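So the structure is just underneath, and the comments pick up after that.
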Amino acid sequence: MYNILVEEEFSIVDYRVPIETFIEMLEEGELPEELAVSGLDDALTTENQELLSEMQAAMRQRRDWLDSRPSLPTVQFVVDGELQDTGESFELLVDGEFYSLKSVFGRSISEREPGWLVTSYRI
């Protein structure tokens, strides 16, 4: 499962990469066991649709590969903001503005605990 975590509230794995590197790792099939991905909040707040679409395409293309690995990797999307439940999905609150996570991760997002969301590799 993918994890979306508020950085201030949870322990984050040591190996951190930007979204662009995460996309390359997925495409090359070279993902470490633990990985933190930074920049999701920036991509959402700047409405960088091209980057978000590229990441989503790579995630969809590699979902079976991720699910079939003997040891499922821990992938954390580290965000700076506040996660809000909308009833249908979740949004990220940054500087007073709400940004939907459904457009990136689909509807299968659920809350593990406040500040920590999870979603399957099948977005």
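Where a number appears in this text, it was derived from the coordinates with a stated rule and is not lab data. Source: prediction; values computed, not measured. With ideal geometry, Cβ positions are generated from the backbone for all residues, glycine too; neighbour counts draw on all protein chains shown.
Working from Cα pairs under 8 Å separated by at least six residues, relative contact order for the chain is 34 percent.
How would you order 60-66, 103-109 from highest to lowest mean count of nearby Cβ atoms within 10 Å? Can you show the working numbers first?
Working: 60-66: 14.1, 103-109: 17.0.
Going by the mean number of other Cβ atoms within 10 Å, highest first, we get 103-109, 60-66.
Peptide packing for 110-123, 83-96 was compared via the average number of neighbouring C-beta atoms within 10 Å per residue; ordered from the highest value, the list is 110-123, 83-96. When each of the peptides 15-22, 37-44 is scored by the mean number of other C-beta atoms lying within 10 Å of its residues, the order from highest to lowest reads 37-44, 15-22. Which net charge results when you count Lys and Arg as +1 and Asp and Glu as -1 among the other residues whose beta-carbon is under 13 Å from that of Lys102? Charge balance near Lys102 sits at -2.
Dipole check for the chain: with +1 at the C-beta of Lys and Arg, -1 at the C-beta of Asp and Glu, and the Cα centre as origin, the magnitude is about 680 Debye. In this structure the amide hydrogen of Arg112, modeled in the peptide plane, comes within under 5 Å of the amide hydrogens of Leu117, Val118, none closer than 5 places in sequence on its chain. Shape class of region 1-58 from the alpha-carbon gyration tensor: oblate, with a/c at 1.5 or above and b/c at least as large as a/b.
Extension gain, Ser71-Glu8: 0.36 nm per intervening residue step, less the Cα-Cα distance, totals 19.9 nm.
When the alpha carbon coordinates of the chain are projected onto the principal axes, the ranges are 39, 29, 26 Å, largest first.
Principal-axis analysis of the Cα atoms of the chain puts helix 49-61 at an angle of about 40° to the longest axis. Per residue, the average separation of C-alpha pairs within less than 8 Å and at least 6 apart gives region 61-108 a relative contact order of 21 percent.
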